[in-house]
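First the structure, in the form of structure tokens, and then the observations on it.
Please treat every number below as a calculation from the coordinates, not as lab data. Remember, predicted model here, so these are calculated numbers, not experimental data. Neighbour counts are summed over all protein chains in view; Cβ atoms, including those assigned to glycine, are modelled from backbone coordinates with ideal geometry.
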Amino acid sequence: MSSRAGAGAPSQPCDLACKVMLLGDSGVGKTCFLVQFKDGAFLSGTFIATVGIDFRNKVVTVDDVKVKLQIWDTAGQERFRSVTHAYYRDAQALLLLYDITSKMSFDNIRAWLSEIHEYAQKDVVIMLLGNKADVSSERVVRTEDGETLAREYGVPFMETSAKTGMNVELAFLAVAKELKERAVQQPDEPRFQIHDYIESQKKKSSCCAFI
Ligand SMILES: Nc1nc2c(ncn2[C@@H]2O[C@H](COP(=O)(O)OP(=O)(O)OP(=O)(O)O)[C@@H](O)[C@H]2O)c(=O)[nH]1
């Protein structure tokens, strides 16, 4: 769904600004994913496909550093591809979504990854997300298949739900943390490991759930 919500919003002070793009087939839940992160709400009802591209800003705090994420929500439909390609090269991070209830959206991930390699910066942060994990009764893509594909491409992976909010914040925070670490890291320091960060945060939240 498209709106001009990004435009005109008062800008918040920040230490670091990053562009993040949401990519994936039409209907996988990119707009809902962004709205869940920004407003903590789920857009249910009639599906309105995004036209072109739109953005919204959100400032997150990572280790006392304020990171402004400018999040670009792209249209998944093929006819808008040439519009969205132009935005790839400015993006520092790409969240690539498929829908766990759609085999086709998963099969298309390889094509999305080749587009990314063609148009994006070489060191762009990529994360693979299997969305709609709340709809387990209609699942057609196994978690292991997502994990295997992510391992093949060397990218972090999570299953998410824009409906319940599962792992939505974690996905953006992990990206913000990676970009912040890159900005402050000295050449002789060990590189930040985004995979390890995600696993540790997942463990933290599952252990807190039982307290
Ligand atoms: N159950 C469930 N439904 C979802 C989830 N995310 C999105 N949806 C539904 O999936 C449909 C498509 O969601 P959108 O966010 O508009 O999809 P999109 O990827 O932005 O689509 P385009 O704008 O065409 O690229 C809507 O009917 C949403 O309500 C989710 O995590 N769980």
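Subtracting the Cα-Cα distance of residue 66 and residue 47 from 0.36 nm times their residue separation leaves 3.5 nm of extension gain.
Determine one quarter of the surface area of the Cα convex hull of segment 16-206, which equals its mean projected area, and express it in nm² to one decimal. Walk me through the intermediate numbers first.
Numbers: hull surface 43.1 nm².
If you wrap the Cα atoms of segment 16-206 in a convex hull and average its projections, you get 10.8 nm².
Extension gain for residue 78 to residue 153 (0.36 nm times residue separation, less C-alpha to C-alpha distance): 24.7 nm.
Using R₀ = 35 Å, calculate the FRET efficiency as 1/(1 + (r/R₀)^6) where r is the Cβ-Cβ separation of residue 138 and residue 196; round to 0.05.
Values: r = 32 Å, r/R0 = 0.91.
So, using R0 = 35 Å, E works out to roughly 0.65.
Take the Cα of residue 87, step 7 Å toward its Cβ, do the same at residue 108, and the gap between the two points is 1.6 nm.
Grab the DSSP H runs of the chain that are 4 residues or longer, score each as -39,500 (n - 2.57), total them, divide by all residues and round the 222 nm result to the nearest 500 deg cm²/dmol. List each step's numbers first, then the result.
Details: 7 runs with 77 residues, N = 211.
So the helix-based figure for the chain works out to -11000 deg cm²/dmol.
Listed by number, the DSSP H helices of the chain that run 20 Å or longer by alpha-carbon position along their axis and have mean Kyte hydropathy of at least 0.5 are 168-184. Note on segment 133-211: along the principal axes its Cα atoms extend 48, 35, 19 Å, ordered by decreasing extent. Once the mean of 1/r is taken over each pair of separate Cα atoms and inverted, segment 39-99 shows a Kirkwood hydrodynamic radius of 13.8 Å.
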